[in-house]
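J.: Just passing along the structure, written as structure tokens.
The values are calculated or read from the model by the stated rules, or taken from the named source; none is laboratory data. In this text, all values refer to a predicted model and were calculated from it rather than measured experimentally. All Cβ positions, even for glycine, are placed from backbone atoms using ideal geometry, and neighbour counts span all protein chains on display. Ligands, DNA and RNA are excluded from the accessible area calculation, which covers all protein heavy atoms including side chains. Shrake-Rupley method; radii C 1.70, N 1.55, O 1.52, S 1.80 Å.
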Amino acid sequence: MLASVRSAAVLGIDAYPVHVEVDISSGLPSFATVGLPNGAVREGRQRINAALANAGFVLPLKRITVNLAPADIHKTGSGLDLPIAVGVLVASGQLPDHRLADLMLVGEVGLEGDLRPVRGALSMALAARAAGCRRFLLPADNLPEAAVVQGLEVRGVRTLVEVCAYLAGHLALEPAQVDLPALMAERRRDEADFADVRSQAAAKRALEVAAAGAHNLLLIGPPGAGKTMLARRLPTILPSMTLDEALETTKIHSVAGLLEPGRSICALRPFRAPHHTISDAGLVGGGSVPRPGEVSLAHGGVLFLDELPEFRRNVLEVLRQPLEDGLVTLSRAAVTLSFPARFMLAAAMNPCPCGYFGDSVRACRCTDVDVERYRSRISGPLLDRIDIHLEVPTVAYRDLVGADPEEPSAVIRQRVELARVRQRERFQRRPGLHANAHMTARDLGRYCPLSDPVERLLREAVGRLGLSARAYHRVLKIGRTIADLAGADELSTTHVSEAIQYRSLDRRMVAG
């Protein structure tokens, strides 16, 4: 007898439908799985054998053939255990098949017949809806995540026995309901707040500009100046995520197995801070079947690279594509996958190996050669892709003990959100463009017209600082963001002058 059960498998961060076909025929007892299964899928037959026996079902002593269609795509993960087990029971006549027509099942089966969570449940639920399924059955631990998909009846089960009782009509399971607006309105009470940062007015202003336009930034200063403290507070002033952003971020974290238990959706912008010993595969993703790396896990949020020159050169260079295109493309012999990676890069570094070059309190012990060698660890093309270069000085004692209250993150975030609203209104006829940092050269010509005074200022700056074409475009984008924060429709010399000040490494190289 032949049975067909609908399921799904993950490829990249998206899922695709899989038809699990189970045939039981006469012959020597065997259990064969075809359709390019990987190790976890092939080992599922051992889990299924034990689960069926321990759940009180009979495993037919016949030839069992399982086909996973489409047969030309590699199947990974343990989520196909449940549909294969149900297919065996239906094909052997132990379960009816009349409730399988519009149902999709996924789940890993334990040896006792319990169901364990799988990665990528949100992606699979979206695939179920796209495939025309009306109902979706999965492990109860994955229920909060999959239930955010509208137009799909999502039910959670804990054991194989519950699944069989539901399919036989002996158990009623209510579909899960979630309040999406409430989930999206959630905002963690941030333990980190800009009100904790004493002084550093210039640095706070630069981070506000960066958040308002989604600009990358590099913080340069001596040890203890507060670079890490500032960077960790950057997500607290970013605008709230849209539903589309939250769904895409949730898919990435779910596929990576990093979604917090019981969490339905990533409504808060992520903050990732990998150690400088990370490999290039760990940063951008990799593996025989590629999985997302840190740049994709930071999608929609902030990627913080502390001690930037300490990262290996080859690791830093792989950042070029995601910084420019907002995605990572990984090619392997079997498959080529693209992962979204539209993040804000926040990096920090010392000005020299000892950390005190140019410091007003402590003397630098480094030679000019040491300083040059240290800075050369970061390539020019990578620096060009970082919009804002900001010097963070040491905080004076009188500022540390000052009693004046500092501006909290919530107040700064309001200004940032107003600037983002202006940008969305400006770019509403430009699909895919949401922030100033993502403008192309053609967009700059359209949205950043230059008056004669501004053009003269830029011409002088390019001549004196030797700005590359990419750095020139960065100055224009930052100037446009500064104008948005000021509520101005056109760029002025004041906006552009402030933008030029945020290219401190270019100015220092000229001065040297």
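J.: Expressed in nm to one decimal, what extension gain is obtained for the pair Asp102 and Leu28 from 0.36 nm per residue of sequence separation less their Cα-Cα distance?
T.: Contour length minus Cα-Cα distance gives 23.3 nm.
J.: Can you tell me, using C-alpha contacts under 8 Å and at least 6 residues apart, the relative contact order of the chain as a whole percent?
T.: On the way: 1000 pairs, mean separation 66.5, N = 512.
Relative contact order of the chain: 13 percent.
J.: Going by amide H atoms built from the backbone, whose H comes under 5 Å of the H on Leu80, apart from near neighbours?
T.: Gly107
J.: Between Val335 and Ala131, what length comes free when the chain is fully extended (0.36 nm per residue of separation minus the Cα-Cα distance, one decimal in nm)?
T.: 71.2 nm
J.: Here's a follow-up. What size of dipole, in debye to the nearest 20, comes out for the stretch 40-97 about its Cα centre when the only charges are +1 on Lys and Arg C-beta atoms and -1 on Asp and Glu C-beta atoms?
T.: 200
J.: Ordering Leu238, Leu2 from largest to smallest accessible area (1.4 angstrom probe), what's the sequence?
T.: Output order, biggest surface exposure first: Leu2, Leu238.
J.: With an 8 Å Cα cut-off and a minimum separation of 6 or more residues, compute the relative contact order for the stretch 1-111 in percent.
T.: 38
J.: List the GluC sites (Glu not before Pro) in the stretch 163-245 that DSSP assigns to loop (not H, G, I, E or B) and whose Cβ has at most 14 other Cβ atoms within 10 Å. Which are they?
T.: In loop regions of the stretch 163-245 (DSSP not H, G, I, E or B), the sparsely surrounded GluC sites (Glu not before Pro) are Glu186, Glu191.
J.: The stretch 115-191 to the stretch 1-53: how many Å between their Cα centroids?
T.: What the calculation gives is 22 Å, centre to centre.
J.: Give me the 1.4 Å probe accessible area per residue for the chain, excluding ligands and nucleic acids, in Å².
T.: 44
J.: Now for a separate question. If we count trypsin sites (Lys or Arg not before Pro) as exposed when they sit in a DSSP loop and have at most 10 other beta carbons within 10 Å, what is the longest stretch of the chain that avoids them all?
T.: Numbers: sites that count: Arg188, Arg189, Arg429.
The longest such stretch corresponds to 190-428.
J.: Now, a different point. Can you list the lysines whose alpha carbon sits under 27 Å from that of Lys75, skipping same-chain ones fewer than 8 residues off?
T.: Answer for Lys75, where 27 Å is the Cα cut-off: Lys62, Lys251, listed by chain and number.
J.: Quickly work out the Ser360-to-Ala40 label distance, labels modelled 7 Å from Cα along the C-beta direction, and quote it in nm with one decimal.
T.: 5.6
J.: Taking 0.36 nm per residue of sequence separation and subtracting the Cα-Cα distance, how much length would be gained by fully extending the chain between Arg424 and His276, in nm to one decimal?
T.: Length gained between Arg424 and His276: 49.7 nm.
J.: Right, here's the next one. Compute the orientation-averaged projected area for the chain from the convex hull of its Cα atoms and round it to one decimal in nm².
T.: Averaged projected area of the chain's Cα convex hull equals 27.4 nm².
J.: Continuing with this model, one more query. Please work out the FRET efficiency for the pair Val369 and Ala410, using the Cβ-Cβ distance as r and a Förster radius of 60 Å; give the result to the nearest 0.05.
T.: Numbers: r = 47 Å, r/R0 = 0.78.
It comes to 0.80.
J.: So what J values fall out for the stretch 286-292 if you push phi through Karplus, 6.51 cos²θ - 1.76 cosθ + 1.60 with θ = phi - 60°, rounded to Hz, Gly and Pro as x?
T.: x, x, 4, 10, x, 10, x
J.: Counting only the heavy atoms of the protein chains, how much of Met344 is accessible to a 1.4 Å probe, in Å² to the nearest 10?
T.: Solvent-accessible area, nearest 10 Å²: 10 Å².
J.: Where both partners of a DSSP beta bridge lie in the chain, what percent of those bridges are antiparallel, to the nearest 5?
T.: 45
J.: Could you put Leu303, Leu61, Leu268 in order of accessible surface area, largest first, with the 1.4 Å probe and the full protein assembly present? Intermediate values should be presented prior to the final figure.
T.: On the way: Leu303 0, Leu61 140, Leu268 35 Å².
Largest to smallest exposure gives the sequence Leu61, Leu268, Leu303.
J.: Can you send over the solvent-accessible area of Cys354, 1.4 Å probe, protein chains only, in Å² to the nearest 10?
T.: 20
J.: Along the Cα→Cβ direction, 7 angstrom out, place labels at Arg263 and Glu310. What is the inter-label distance in nm?
T.: Each label point lies 7 Å from its Cα, and together they span 2.6 nm.
J.: A further question on this structure: Over the chain, what percent of the accessible surface lies on carbon and sulfur atoms, probe 1.4 Å?
T.: Carbon plus sulfur share of accessible area: 51 percent.
J.: List the lysines whose Cα lies under 26 Å from the Cα of Lys477, skipping any in the same chain that are fewer than 8 positions away.
T.: Lys204, Lys227
J.: Between Ser376 and Ala69, how high is the FRET efficiency from 1/(1 + (r/R0)^6) when r is the Cβ-Cβ distance and R₀ = 51 Å? Nearest 0.05.
T.: 0.40
J.: A further question on this structure: Tell me, what is the FRET efficiency for Arg205 and Glu174 to the nearest 0.05, using R0 = 41 angstrom and their Cβ-Cβ distance as r?
T.: So the FRET efficiency works out to roughly 0.20.
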